[in-house]
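Below is one structure, written out as structure tokens; the observations come after it.
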Amino acid sequence: MLISLYAGPVSRHCTRYLADGGYLLANNSHGDASLALLDPHYELVAVQPTWASARFRADNLDSFSRARRPDAFTVDQVLASGRGVAFERTAACYLFRLVGR
């Protein structure tokens with residue numbers, strides 16, 4: 001498992017250390033959740049809607065991964081800004097599974 005909470009683009013630099021089927025837990029403050037959503041090797045499997053909630057949800061994930069401005073949702077844009085894009089619904093944490101390389 002890789003954990004990227006307020007840590008920058010961990011998924012871009014550390015995926016090679018993650019086994020197939022391994023997990024990435026990320027938030028979107030520095031864009032790591034956005035980058036993982038753009039990476040075809042990662043699959044969004046759950047979100048933690050708020051920091052106050054200790055539960056993850058695995059249903060209706062589309063709104064947590066749909067950008068409000070799709071034109072600004074590119075790898076180059078996220079890396080240049082150093083911030084995640086705004087999604088229709090925000091989550092405290094996003095849980096991804098590595099699905100193949």
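Cβ-Cβ distances below 6 Å connect the following pairs, each with a first residue in the range 73-92 that is in contact (Cβ under 8 Å) with a residue 40 or more places away in the chain and closer than 14 Å to His30 by Cβ, a second residue that is of a type in the set (Ser, Thr, Tyr) and assigned to a helix (DSSP H, G or I), and a separation of six or more residues or different chains: Val78/Ser34; Gly84/Ser34; Val85/Ser34. The residue pairs whose first member lies in the range 6-25 and is within 12 Å of Asp39 (Cβ to Cβ) and modelled with pLDDT of 95 or more, whose second member is in a helix (DSSP H, G or I) and among the acidic types (Asp, Glu), and whose beta carbons are closer than 9 Å, counting only pairs six or more residues apart or on different chains, are Leu24/Asp32. Scanning the range 14-34 for residues that are assigned to a loop (DSSP other than H, G, I, E, B) and farther than 15 Å from Met1 by Cα yields a total of 4. With respect to being within 19 Å of Val99 (Cα to Cα), at pLDDT 95 or above and within 15 Å of the chain's Cα centre (by Cα), Leu38 falls outside the description. Scanning the range 54-72 for residues that are in contact (Cβ under 8 Å) with a residue 24 or more places away in the chain and closer than 18 Å to Leu24 by Cα yields Phe56, Phe64, Ser65. Anything in the range 35-63 that is outside any loop (DSSP other than H, G, I, E, B) and closer than 18 Å to Met1 by Cα? List them, or say none. Selection gives Leu35, Ala36, Leu37, Tyr42, Glu43, Leu44, Val45, Ala46, Val47, Gln48. Inside the range 26-53, residues that are crowded, with 19+ Cβ neighbours inside 10 Å, in contact (Cβ under 8 Å) with a residue 60 or more places away in the chain and not aliphatic (A, V, I, L, M) make up a count of 2. Restricting the search to the range 41-94, which residues are at positive phi and modelled with pLDDT under 90? Matches in the range 41-94: Gly82 only. Taking the criterion of being assigned to a loop (DSSP other than H, G, I, E, B) and within 12 Å of the chain's Cα centre (by Cα), the only residue of the range 64-82 that qualifies is Arg66.
The values are calculated or read from the model by the stated rules, or taken from the named source; none is laboratory data. Because the structure is a prediction, the values reported are computed rather than measured. Note that we place each Cβ from the backbone using ideal geometry, even for glycine, and neighbour counts take in every protein chain shown.
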